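Only one structure is covered here, and it is reproduced in the block below.
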């Protein structure tokens, strides 16, 4: 798939300029952003180490609405990594390169000091008619409800600590939806795969009852039979949400044991506009001890294993200090491993299409009697177009 992304950009970029000149091309839309992300990571334990990271990130979103029924979308992610973080990593592509059924990515620069990578993370055709919708191609199938952990997200479970990837990863899949009412619909989705053990095929039913939105799902997911449920709603001013999913290997079913992922949380908005969000997660595959200190935002996440820890609690607060400044801070705690992750942040709106972020992720835990600390500070400048 080498040079595919560059070819697609060259073919489609002219349409964005023509669109500004000819109103007959108004069915096309074009947008995206450019971000400059810098980080300083300090780790301590068996000695101390400091690594500086640099990344330039560009996204292109291209959409064509042929008529009221057909939509075509293509979205590309282009990133240039350079500096000490590349030289210090034994395999930098392990955290950068990803694909699904189709190989839609290319490494266009690979040097000891720099990596250039591009990937098509959305490429789908959408058909919508009445209450029915069908979509085929690389897409995000988001079945999650909760803010931090999503046991129901069989297709695209994400790591909320990977805060710089707002769009989240997609899957090469087929998705069918039928809307049977204002707050109810059914879905059937299948992820393309070369083997049954890596496939995901599942059905979802969403409905409203007792003033809560509910969902039930069932299917197979990467070698497991999966059953799940989710809920969200309000009791007075307090928001409640949660998800649960049970996974059991379908091979050697009687001789194997299942896994449970369960999360529940609550939220509240104070009159001062301070918003707080609390949640806990139980992940039965997790452990009370932790065997690695690689950046947690690069963890391999799935709906079955959303955290390396068995027990997790998180509290987050967000406050708009001014119309142009937003402050947030969160604390994750794992009581079994006595691990803490503190992640504060502040966002400055510099203009209608430019933001500046200052964030941190500070982790501390005890491993084999040794205190392990990791501090990462990020700055990000983002220009949207």
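Rule-based calculations on the coordinates, nothing more; no lab input. Please read all numbers here as calculations on a predicted model, not as lab measurements. Quick reminder, even Gly has a Cβ in these numbers, built from the backbone with ideal geometry, and neighbours come from all protein chains shown.
Numerical summary
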| read-out | value |
| --- | --- |
| Overall form of the stretch 117-191 per C-alpha gyration tensor (a/c, 1.5; a/b vs b/c) | oblate |
| Per-pair calculated FRET efficiency, R0 = 35 Å: residue 273 and residue 56 via Cβ, rounded to 0.05 | 0.55 |
| Where the Cα pairs of the stretch 133-175 fall when distances are cut into 10 Å bins, in % | 29, 53, 18, 0 |
| Residue with peak Gaussian network fluctuation, the chain [Cα springs, cutoff 10 Å], from 304, 35, 366 | 366 |
| Within the chain, helix-based [θ] at 222 nm, where runs of 4 or more DSSP H residues each add -39,500 (n - 2.57), nearest 500 | -2000 deg cm²/dmol |
| Relative pair counts by distance (%), Cα atoms of the chain, 20 Å bins | 23, 60, 17, 0 |
| Highest-fluctuation residue, 196, 154, 281 considered, GNM on the chain with Cα pairs under 10 Å | 196 |
| Gain upon complete extension [residue 321, residue 256; 0.36 nm per residue less C-alpha separation] | 18.2 nm |
| Percent RCO, i.e. relative contact order, over the chain, from Cα pairs under 8 Å lying at least 6 residues apart | 12 |
| Inter-label distance for residue 248 and residue 84, nm, one decimal - labels placed 7 Å from Cα along Cα-to-Cβ | 5.2 |
| The stretch 155-272 - Rg and Dmax from Cα coordinates, angstrom | 16.7, 55 |
| Calculated Rg and Dmax of the stretch 32-75 using C-alpha coordinates, Å | 20.1, 61 |
